[in-house]
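J.: Dumping the structure here so I can ask a few things about it.
Every number here is computed from the coordinates shown, using simple stated rules; none is lab data. Given the structure is predicted, the values throughout are model-derived calculations rather than measurements. Here the Cβ is made from the backbone with ideal geometry for all residues, glycine too, and neighbour counts use every protein chain on show.
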2 protein chains.
Amino acid sequence: MTDFAATRAMFHLPPGMIYLDGNSLGPLPKHALDRMAQVMQDEWGDMLITGWNRAGWMDAPARTGDRIARLIGAEPGSVVMGDTLSIKVFQALAAALDMTPDRRIVLSDSGNFPSDLYMAQGLLASLGRADDLRVVAPEAVADHLTDDVAVLMLTEIDYRTGRKHDMAALTAAAQAKGIVTIWDLAHSAGAVDVDLAACNADFAVGCTYKYLNGGPGAPAFIYVAPRHQATTRPALSGWLGHEAPFAFDLDYRAAPGIDRMRVGTPPILALAALDAALDVWDMTTMADVRAASLALADRFIAGVESQCDMLTLATPRDHAKRGSQVSFRFEHGYAAMQALIDHGVIGDFRAPDIMRFGFTPLFIDESDIDEAVRIVAEVMRGALWDTPKYHKRGKVT
Amino acid sequence: MTDFAATRAMFHLPPGMIYLDGNSLGPLPKHALDRMAQVMQDEWGDMLITGWNRAGWMDAPARTGDRIARLIGAEPGSVVMGDTLSIKVFQALAAALDMTPDRRIVLSDSGNFPSDLYMAQGLLASLGRADDLRVVAPEAVADHLTDDVAVLMLTEIDYRTGRKHDMAALTAAAQAKGIVTIWDLAHSAGAVDVDLAACNADFAVGCTYKYLNGGPGAPAFIYVAPRHQATTRPALSGWLGHEAPFAFDLDYRAAPGIDRMRVGTPPILALAALDAALDVWDMTTMADVRAASLALADRFIAGVESQCDMLTLATPRDHAKRGSQVSFRFEHGYAAMQALIDHGVIGDFRAPDIMRFGFTPLFIDESDIDEAVRIVAEVMRGALWDTPKYHKRGKVT
């Protein structure tokens, strides 16, 4: 069993704050400070250009990718880091469309994160296929796996409600119809057990600044199933995805394997912080984290529901159908969340009415939950949110 | 006049090393260590998710972009940071192709950095236009500005030879023919005076890990001329280029202005290091840097040519026709560069026979040049490079 007191001790958590927003930005792993200083001083500072070889910078995207592969049930050599999640969505979709020239439709759902839909819109417009994106309700996806669908592109866990798709079932159903699948693991990686290999997934993408605690704007990852790697055409064909980047040929030839999904020069400093953050996972297992996360979330739901009947649970109760976040609907959710933040419980708000809380045992324990419930009840029952200062909207993140 | 002893004091330079490779990776500005620690501890650590507003993370790409704009003659509000240079090339080219639907050809030259050509190949292949890239010799570009050319895409300064295109003349000639221009400033920004506004440039892109000293894999930038911003279609239409990212609409609507070229979540840690590095430019001017850089390069050329007749200058002598690097051709350039590095002079090698040295007065002075010349002469005249250990090729960067 994981020693979660030990994982908690690895994070810097501001005193007096109960941080239930690791689903938006994970907290700072303390040792990431030292790692960053070491990479900046001993590698960039002292090795300078030779760091690309001597410090192993050139292979960092694949090396860190393999550490993430272990957390999402991906085969070694099937995940590589770089860019942002939006760029990785573009890469995966462009590759998937290339595999399905005889079909037209990209199927997604209205619970997908908007940036994924935006990237699809941009790509399809570039291809003169602006009408080929079909967005249905999350619960209707299975019924829309029709013969005209080329690609099924979904985010496994809904960023608003925490509703979790059945990845294995939908992947199988899609593939039975000849549809290529892309799974966005933004709210899955580090939050729930994912088994890409067992699901026979085609492509997956994800970010690392949420449950993987890589820091604000940390690099994204992309997974390509080993069976597709040799034939995947990189639409974003940058030099570090070239078979021989330092031959400086004028013509692109894709690297063998997952490296072809690399594009430009890797972000070494950001990768250093992320790689440090991943050390936390050497102390636990995804199964332990998932089980403890569900227990914390259940405790929070029970506590809040027993005291705050103005809040309506938006997250499915069934463990198999939710991620590790819990969302409540409340008409004045924006103001209520501002008040909670002011009282030391940090969650976030998603329009139009979602109050969102994330639960990870890596740095949250039962006493945090009990204190959070007490504060939520105090704020909600006392209508402490109902003052002008909490209604004033700044830029929301 | 700039106090270059003061700028030099801002950098960490390993003792015993003469670093003439800032054109590949700039050295560490010492205060970037403190800035990074402060952003990690005080912002990420203590502010957590609220850092997006409280620490100004959300606006960092435009804020840092404006600091770079000043160095490349760009209008305020016309440069934004993010992604890698390869991705920015893709964005600019996709936008430029959108503006020229009646034309076919993307014209570039064989002196362009290969990744730019690769990205063009990938984009054009996606569009079913794989044959539309035309690559000519650098000196033949002006003669190929024909009526079928949609976009002229060039790197101003050749990464191998340091040969500099006449940006103003080529831009004017291209525009006179109805051709949209894209300039890659990889070896220009921070190295030579660039005046995008005066050149009436359409699009420009660049990286920040070379002469801008932002660190390994530092974020790239893109420039869009103010006259094009409102009509530029972002092919990489990510949520942070949306008019209202936090409305979470299902449909993309491009932000007004340069922000539409943003894609995903900005790399805050990497931007912190870069922004610190840009402080150095508050102590100097681009004109001072350029003048001093040319003087250093001339001193190096004169010294090397007077003592090493086996080295052939590949860089134009005319100041107006070169950047701030100096390259020599030598049949055994790879081994010779390894020997030089072993003797404390750090340049780099570019296939097939180019020995490349970069000159910036920000951290290089005349005594460095004289010592570098002494070592080059010692290594070349003594044929110290001609031992098996220097011929053995590792991965070259």
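J.: So if I restrict to the alpha-carbon atoms in the protein assembly as shown, what is the Rg, and what is Dmax, the biggest pairwise distance, in Å?
T.: Cα-based Rg and Dmax for the protein assembly as shown come out at 26.6, 88 Å.
J.: So how far, in whole Å, is the C-alpha centre of the stretch A:138-183 from the one of the stretch B:264-314?
T.: Cα centroid to Cα centroid, the span is 51 Å.
J.: For the protein assembly as shown, with only Lys/Arg (+1) and Asp/Glu (-1) charged at the beta-carbon, what is the dipole magnitude about the Cα centre, in debye rounded to 20?
T.: For this selection, approximately 460 debye.
J.: Rank these for me by crowding, A:ARG374, A:ARG356, going from fewest to most other beta carbons within 10 Å. Mind dumping the intermediate values first?
T.: On the way: A:ARG374 14, A:ARG356 24.
Ranked by crowding around the Cβ, least crowded first: A:ARG374, A:ARG356.
J.: Same structure, new question: What nm value, rounded to one decimal, do you get for the distance between B:ARG54 and A:ALA130 when each label is placed 7 Å out toward the C-beta?
T.: Result for the modelled spin labels: 4.3 nm.
J.: Given the pairs A:LYS30/B:LYS30; B:LYS177/B:LYS321; A:LYS210/B:LYS210, which span a C-alpha to C-alpha distance of over 27 angstrom in this model?
T.: A:LYS210/B:LYS210
J.: Enter the Cα centre distance for the pair the stretch B:34-100 and the stretch A:340-364, rounded to the nearest angstrom.
T.: Each part's Cα centre sits 27 Å from the other's.
J.: Which distances, in nm and shortest first, link the A:GLY344 label point to the same label point in every other copy, taking 7 Å along Cα→Cβ?
T.: 5.9
J.: Which loop-located chymotrypsin sites (Phe, Trp or Tyr not before Pro) does the stretch B:294-387 contain, where loop means any DSSP state but H, G, I, E or B and the Cβ has at most 13 other Cβ atoms within 10 Å?
T.: Those that pass, being in a loop and sparsely packed, number zero.
J.: List every DSSP H helix in chain B whose Cα atoms extend 24 Å or more along the helix's own long axis and whose mean Kyte-Doolittle hydropathy is at least -1.0.
T.: Qualifying helices, which must be both long enough and hydrophobic enough, are B:286-307.
J.: How high is the relative contact order of chain A, given as a whole-number percent (alpha carbon pairs under 8 Å, six or more residues apart)? Mind dumping the intermediate values first?
T.: On the way: 774 pairs, mean separation 87.1, N = 397.
After rounding, I find 22 percent.
J.: OK, next. Need one word for the stretch A:56-282: rounded, prolate or oblate. Basis is the Cα gyration tensor (sqrt eigenvalues a ≥ b ≥ c); a/c below 1.5 gives rounded, then a/b vs b/c decides.
T.: Since a/c reaches 1.5 but b/c is at least a/b, the shape of the stretch A:56-282 is classed as oblate.
J.: If you wrap a convex hull around the alpha carbons of chain A, what volume per residue comes out, as a whole number of Å³?
T.: 147
J.: For B:LYS389, go through the aspartates and glutamates and keep the ones whose alpha-carbon is under 16 Å away, minus same-chain ones fewer than eight residues off.
T.: B:ASP342
J.: Neighbouring Cβ atoms within 10 Å as the yardstick, rank B:MET119, A:MET283, B:MET40 fewest first.
T.: Ordered from fewest to most neighbouring Cβ atoms within 10 Å, B:MET119, A:MET283, B:MET40 come out as A:MET283, B:MET40, B:MET119.
J.: Can I ask one more? Is the C-alpha gyration tensor of the stretch B:198-352 telling us rounded, prolate or oblate? Criteria: a/c under 1.5 is rounded; beyond that, a/b larger than b/c is prolate, otherwise oblate. Show your work: numbers first, answer last.
T.: Details: a/c = 2.59, a/b = 2.27, b/c = 1.14.
Note, shape of the stretch B:198-352 comes out prolate.
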